[in-house]
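Okay, handing you the structure first.
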Amino acid sequence: MSLRYTLDPRSDNPPAPGSVVVSDEVTLLREFLGSEWLWVRGERLCQWAEGVAQAREQMVDWLGSPADELVKSCPDLSSDQATQLLAELGSRLVGVRRPLEPVEIAQRLWPDLGLFEVEPDPEHAFRWLLWLVERNLGAHDLAFARAVSLRWAVQTVAPLSMFYKASDPHQAWEYIKLWLRLLPTTPEWLSPAPPTVALPEWALRKLQKEWRLEVVQTKGQFYRELVGLAPEKGLLKAAAQVTAEVFATTPKYLSLDHMEALRSWIGVSERDALLGLLPPRRPQPPPRDFEKMGAWFIQEYLPFRLWRGGGSSEQLARVGELARDFASWFLPYYAASRAGGAGVEHLSWTKTSRLSEAADAVTLLMVLDGLGYPDAERFVKGIHDRSHRLSLDDFTLALAPLPTVTEFAKPALLAGVHPTAALGEVRVGALEKRDPDVVGALNAASPGAIVIWSLLDPDVTYHRRLDSETMRSEVDARLNSLADRLVRIAHATQDSVRLRVVVSTDHGRLLTNATRCQPPPIGMTAHGRAAWGPASIRFGSDGFIVDGDIVYLHPERFGVPEVCAILLSDAAYLTSDGRGGEESYPHGGIYPEEVLIPWIQLSRDRGPLVLAARLTGHGIAGSQGTLHLEIANGSEVRLHVQELKLGRIGQRVPLDLEVAALSAEITPIDVSGWPTPAECGGFDAVLSYKLPTGELRTFCPECSVTSDELYRQDDILGDL
């Protein structure tokens, strides 16, 4: 059998299994006759062995230096780094094809990476960056990793190729945060979108650690800035949790502006706990416009009203002033809208009457007795935590029927007409109370039909005699149970049924206990904060008369069967047998929380958002100009447009634009420093908008912007 020679002059190749290593002349002489495969090391021995092989007409296999081969294929790798790398590789170098190729070496060096059999794409690049951060490689490994990733970079295009050029774990981590929109980005970074790769636990913990420090360093400003970057909602929620934890232990950084940014991303209980640490802003007087009234109610009145550190005589007096001011707007507005005037679309019974207009869906109208707006927020959170199939389409306010007691308000809501007309009126849909019956009715319904599911909670719970902490726990438990039941019903309804869910209530309720201290007018029946019955009162044209802490309502003007006597204070009427005492969270009055009720719309298995936007305009370079933003919302979801970022000219334009479902809006935008013709060539913009859930998203509108230059010097030598 012919003797096999492998010649390793630099002595830096690992010997193959089955070979005999020869490092001196004596061994070489001894093994010439006794072995089948000699692995000869050293320049002089290799030359001697080659001479013997030639004399015997035997073949030899010269091996180059693996370090030299690596340096040749990886120019950024030094000789010393290549030697370190090969020492780390050790016996795993055996059997590798020669000359050495970086990818094959990397496969043996990092078998856990798993990216060598996959073509470069966004997921591939993202996994590469994550691995680079987690492994925290040494200098020699990093130099080799760059050689490997640069080969992937040339196989793709920018900006994806940029990710493969990360030089170290720190830069890879910055790229990850840029890609996830956790850092300010330029428009070109918005594509490609972040891949659908779940962040590993170690990466999320690393982010949370950094976020905690940033909250402290920015004194709480961090989260408001993060929301503006519009990262994925799971990350926003995780960052909100960290921010809330810092605020809970360091309330000196907390502000109402910070709370507004966090509102949609933390639990309602967490939000209330933080609000309890923060003296709320003193509310301004209520506005005289319904849309502005809603914002005032949610952002100013409720935080002030619910502040756990409150309860002082000064705060209660301010609430009383606001409630009186609110009533002076509400009563004429309600009377006019009830008669078909401005605001008729905001009446709860009007909204009910229009539910059948959704002819392509079956509507489940879930009526929760006495559901106030703060409890509605908890209920929606419970649904969101339990179901990915139910999506929030809208969460707005409606006006409850007067008086805000069940026997008047609920028939009006269920029949879709005002309280007087509702007596004996047919309901807008079939009424079911048992969960299986609700599912059966939904499955049997035709598109356009309405199924009513009316429940007595949370009103029943509020009327129990419990201390405030126990009451809060009991109500939260009932809301979670109701969310469970709704999700089960929605999921159990046949998939062939296009299901829409509307959740509302007959009335709200006072957000504090009330003292029964007001005798009802003679001859009237009282319940909570309202009384009704015969009364000889001469009304003016506006249909109501204020007498101290009582306002009397004309039956015809306000659509009630008899004269109503509504309390304007935070007290309650004595019971029919003259008993006083405390009444828990009563209703019947016209405090904002009693008459401004939640109106929630959800859909099951909703399709993606359909949005189109276009930005047009023509102007003179450097001058003032006007852009026209056209937005078409083809979805059944209301959008709130907040900002337009003009990347090319570096301007940010705050907006406050509501785009209703299935509608279009055009709005002018004044711009200072109109772009030049050259800047118009690459004009770009990013639109930021918020969904009813509070989720912030971005969209790049189509841009068609042109410009003229007022002063332009022609090149008179251009034709010479």
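The values are calculated or read from the model by the stated rules, or taken from the named source; none is laboratory data. Note that the structure is a prediction, hence the values are computed from the model and not measured. As a convention, Cβ positions derive from the backbone with ideal geometry for all residues, glycine included, and neighbour counts pool all protein chains shown. Side chains included, ligands, DNA and RNA excluded: accessible areas come from the protein's heavy atoms. Shrake-Rupley method; radii C 1.70, N 1.55, O 1.52, S 1.80 Å.
Restricting to region 607-620, what's the tally of residues that are open to solvent by 30 Å² or more (accessible area, probe 1.4 Å) and touching an Asp or Glu at 6+ places or on another chain (Cβ under 7 Å)?
From region 607-620, those open to solvent by 30 Å² or more (accessible area, probe 1.4 Å) are 607-612, 614, 618, 620; that's our starting set.
With touching an Asp or Glu at 6+ places or on another chain (Cβ under 7 Å) added as a condition, the list becomes 614, 620.
Residues in region 607-620 being open to solvent by 30 Å² or more (accessible area, probe 1.4 Å) and touching an Asp or Glu at 6+ places or on another chain (Cβ under 7 Å): 2 in total.
So, in region 337-352, how many residues would count as being among the charged types (D, E, K, R) and either under 15 Å from Leu553 (Cα atoms) or surrounded by fewer than 19 Cβ atoms within 10 Å (Cβ to Cβ) (or both)? Before the answer, list the steps.
Pass one, region 337-352, residues among the charged types (D, E, K, R): 338, 345, 351.
Imposing the further condition that a residue be either under 15 Å from Leu553 (Cα atoms) or surrounded by fewer than 19 Cβ atoms within 10 Å (Cβ to Cβ) (or both) reduces the set to 338, 345.
Summing the residues that are among the charged types (D, E, K, R) and either under 15 Å from Leu553 (Cα atoms) or surrounded by fewer than 19 Cβ atoms within 10 Å (Cβ to Cβ) (or both) in region 337-352 gives 2.
Looking at region 445-561, what helices (runs of 4 or more DSSP H) fall wholly within it and have at least 3 residues that are touching a Ser or Thr at 6+ places or on another chain (Cβ under 6 Å)? Give the derivation first.
Numbers: elements: 459-462, 468-492, 555-558.
Here the list reads 468-492.
Tally time: how many residues in region 1-17 are open to solvent by less than 70 Å² (accessible area, probe 1.4 Å) and over 18 Å from Glu57 (Cα atoms)? Working first, answer last.
As a first pass, look at region 1-17 and keep what is open to solvent by less than 70 Å² (accessible area, probe 1.4 Å): 3, 5-9, 11-16.
Applying the additional criterion that residues be over 18 Å from Glu57 (Cα atoms) yields 8-9, 11-16.
The number of residues fulfilling the criteria is 8.
Hey, another quick one. Can you tell me which condition Arg389 does not meet? The list is (1) buried (at least 18 other Cβ atoms within 10 Å of the Cβ); (2) touching an Asp or Glu at 6+ places or on another chain (Cβ under 6 Å); (3) not hydroxyl-bearing (Ser, Thr, Tyr), and all the others hold.
(1)
A further question follows. Quick test for you: out of Ala82, Ala49, Ala67, pick the one residue that is at pLDDT 80 or above and either open to solvent by 50 Å² or more (accessible area, probe 1.4 Å) or not in a loop (DSSP other than H, G, I, E, B) (or both). Lay out the reasoning, then the answer.
Numbers: Ala82 fails: at pLDDT 80 or above; Ala67 fails: at pLDDT 80 or above.
After applying the criteria, what remains is Ala49.
Please pick out the residue among Arg281, Arg271 that is exposed (fewer than 14 other Cβ atoms within 10 Å of the Cβ), of a type outside the set (Phe, Trp, Tyr) and either in contact (Cβ under 8 Å) with a residue 12 or more places away in the chain or outside any helix (DSSP H, G or I) (or both).
On the way: Arg271 fails: exposed (fewer than 14 other Cβ atoms within 10 Å of the Cβ).
Only one candidate qualifies: Arg281.
Still on this structure, I have one more. Taking region 346-404, which residues are among the basic types (Lys, Arg), in a helix (DSSP H, G or I) and in contact with a Gly (Cβ under 9 Å, 6 or more places away or on another chain)? Full working, then the answer.
Step one: of region 346-404, the residues among the basic types (Lys, Arg) are 351, 354, 378, 381, 386, 389.
The next check asks that each one be in a helix (DSSP H, G or I); those that pass are 351, 378, 381, 386.
Result: Lys351, Arg378, Lys381.
Let me ask something additional. Can we say Leu466 is in contact with a helix residue (DSSP H, G or I) (Cβ under 7 Å, 6 or more places away or on another chain) and open to solvent by less than 40 Å² (accessible area, probe 1.4 Å)? First the steps, then the outcome.
Numbers: in contact with a helix residue (DSSP H, G or I) (Cβ under 7 Å, 6 or more places away or on another chain): yes; open to solvent by less than 40 Å² (accessible area, probe 1.4 Å): no.
The answer is no for Leu466.
Looking at (1) in contact with a Pro (Cβ under 8 Å, 6 or more places away or on another chain); (2) modelled with pLDDT of 80 or more, which is the only condition Val22 fails?
Here Val22 clears every test but (1).
List pairs: first in region 135-146 and closer than 19 Å to Glu69 by Cα, second of a type in the set (Ser, Thr, Tyr), Cβ under 7 Å, 6+ apart or cross-chain?
Close Cβ pairs (under 7 Å, with a partner that is of a type in the set (Ser, Thr, Tyr)) amount to Arg146/Ser167.
For Pro675, only one of the following conditions fails: (1) surrounded by 15 or more Cβ atoms within 10 Å (Cβ to Cβ); (2) in a loop (DSSP other than H, G, I, E, B); (3) within 21 Å of the chain's Cα centre (by Cα). What is its number?
The single condition Pro675 does not satisfy is (3).
A quick yes/no check of all residues on (1) of a type in the set (Asp, Glu); (2) modelled with pLDDT under 75; (3) at positive phi:
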position: Gly95; (1), (2), (3): no, yes, yes
position: Pro102; (1), (2), (3): no, yes, no
position: Leu109; (1), (2), (3): no, yes, no
position: Gly114; (1), (2), (3): no, yes, yes
position: Pro122; (1), (2), (3): no, no, no
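Here are the criteria: (1) in contact with a helix residue (DSSP H, G or I) (Cβ under 7 Å, 6 or more places away or on another chain); (2) surrounded by fewer than 13 Cβ atoms within 10 Å (Cβ to Cβ); (3) under 17 Å from Leu150 (Cα atoms). Tell me which single one Glu119 does not satisfy.
Condition not satisfied by Glu119: (1).
Just need a number here: residues in region 232-248 that are charged (D, E, K, R), touching a residue at least 40 places away in the same chain (Cβ under 8 Å) and part of a helix (DSSP H, G or I). Spell out how you get there, then give the answer.
Initial filter on region 232-248 (charged (D, E, K, R)): 232-233, 237, 245.
Then drop every residue that is not touching a residue at least 40 places away in the same chain (Cβ under 8 Å), which leaves 232-233.
Next, only the ones that are part of a helix (DSSP H, G or I) stay: 233.
Here the count works out to 1.
Within region 154-167, identify whether any single residue is part of a helix (DSSP H, G or I), among the basic types (Lys, Arg) and open to solvent by 20 Å² or more (accessible area, probe 1.4 Å), and answer yes or no. Steps first, answer last, please.
Step one: of region 154-167, the residues part of a helix (DSSP H, G or I) are 160-163.
This time we only want the ones that are among the basic types (Lys, Arg), so: none.
Looking through region 154-167, none of the residues is part of a helix (DSSP H, G or I), among the basic types (Lys, Arg) and open to solvent by 20 Å² or more (accessible area, probe 1.4 Å).
A quick yes/no check of all residues on (1) open to solvent by 30 Å² or more (accessible area, probe 1.4 Å); (2) under 30 Å from Asp708 (Cβ atoms); (3) in contact with a Phe, Trp or Tyr (Cβ under 8 Å, 6 or more places away or on another chain):
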residue: Ile631; (1), (2), (3): no, yes, no
residue: Arg652; (1), (2), (3): yes, yes, no
residue: Glu658; (1), (2), (3): yes, no, no
residue: Val671; (1), (2), (3): no, yes, no
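Residues that are in contact with a Pro (Cβ under 9 Å, 6 or more places away or on another chain), at least 1 per element: which strands (runs of 3 or more DSSP E) completely within region 601-660 meet that?
Working: elements: 611-620, 625-633, 639-646, 651-659.
The qualifying strands (runs of 3 or more DSSP E) are 611-620, 625-633, 639-646.
Right, something else. Tally up the residues in region 95-114 that are within 21 Å of Pro17 (Cα to Cα) and open to solvent by less than 20 Å² (accessible area, probe 1.4 Å), please.
Residues flagged as within 21 Å of Pro17 (Cα to Cα) and open to solvent by less than 20 Å² (accessible area, probe 1.4 Å) within region 95-114 amount to 4.
State which residue is farthest from Glu101 (Cα to Cα) when the search covers only region 48-75 and only residues that are polar (S, T, N, Q) and touching a residue at least 12 places away in the same chain (Cβ under 8 Å).
So the first thing to find is which residues in region 48-75 are polar (S, T, N, Q), and the list is 54, 58, 65, 73.
Within this subset, residues satisfying the condition of being touching a residue at least 12 places away in the same chain (Cβ under 8 Å) are 58, 65, 73.
On the way: Gln58: 29, Ser65: 13, Ser73: 7 Å.
Filtering region 48-75 for residues that are polar (S, T, N, Q) and touching a residue at least 12 places away in the same chain (Cβ under 8 Å), the one farthest from Glu101 (Cα to Cα) comes out as Gln58.
Could you figure out which of (1) surrounded by 22 or more Cβ atoms within 10 Å (Cβ to Cβ); (2) assigned to a loop (DSSP other than H, G, I, E, B); (3) within 26 Å of the chain's Cα centre (by Cα) isn't true of Val428?
Only one criterion is unmet by Val428, namely (3).
If you take the residues in region 557-605 that are of a type outside the set (A, V, I, L, M, F, W, C) and free of Cβ contacts under 8 Å to residues at least 60 places away in the same chain, which one is farthest from Ser328 (Cα to Cα)? Steps first, please.
Filtering region 557-605 for residues of a type outside the set (A, V, I, L, M, F, W, C) gives 557, 559, 561-562, 569-570, 573, 575-589, 591-594, 598, 601, 603-605.
If we keep only those that are free of Cβ contacts under 8 Å to residues at least 60 places away in the same chain too, we end up with 562, 573, 575-578.
Working: Glu562: 21, Tyr573: 21, Thr575: 27, Ser576: 29, Asp577: 32, Gly578: 30 Å.
Looking at residues that are of a type outside the set (A, V, I, L, M, F, W, C) and free of Cβ contacts under 8 Å to residues at least 60 places away in the same chain, I get Asp577.
Please specify each residue of region 555-597 satisfying the condition of being of a type in the set (Ser, Thr, Tyr) and surrounded by 16 or more Cβ atoms within 10 Å (Cβ to Cβ).
In the first step, residues of region 555-597 are kept if they are of a type in the set (Ser, Thr, Tyr); the result is 569, 573, 575-576, 584-585, 591.
Matches in region 555-597: Ser569, Tyr573, Ser584, Tyr585, Tyr591.
Continuing with the same structure: Read through the list (1) buried (at least 21 other Cβ atoms within 10 Å of the Cβ); (2) farther than 22 Å from Gly267 by Cβ; (3) touching a residue at least 24 places away in the same chain (Cβ under 8 Å), then give the number of the only condition that Leu479 fails.
Looking at each condition in turn, Leu479 falls short on (2).
Quick check on region 301-336: of everything there that is open to solvent by 40 Å² or more (accessible area, probe 1.4 Å) and outside any helix (DSSP H, G or I), which residue is modelled with the lowest pLDDT?
Gly309
So which residues in region 34-46 are surrounded by fewer than 16 Cβ atoms within 10 Å (Cβ to Cβ) and part of a helix (DSSP H, G or I)?
Glu43, Arg44
Sticking with this structure for a sec: Test each condition in (1) of a type in the set (D, E, K, R); (2) open to solvent by 10 Å² or more (accessible area, probe 1.4 Å); (3) touching a helix residue (DSSP H, G or I) at 6+ places or on another chain (Cβ under 8 Å) for Asp369 and report the one that comes out false.
The one condition Asp369 does not meet is (2).
Gly681 - would you say it is open to solvent by 30 Å² or more (accessible area, probe 1.4 Å) and free of Cβ contacts under 8 Å to residues at least 12 places away in the same chain? So that I can check it myself, show each step before the final result.
Values: open to solvent by 30 Å² or more (accessible area, probe 1.4 Å): yes; free of Cβ contacts under 8 Å to residues at least 12 places away in the same chain: yes.
Taking the combined requirement at face value, the residue satisfies it.
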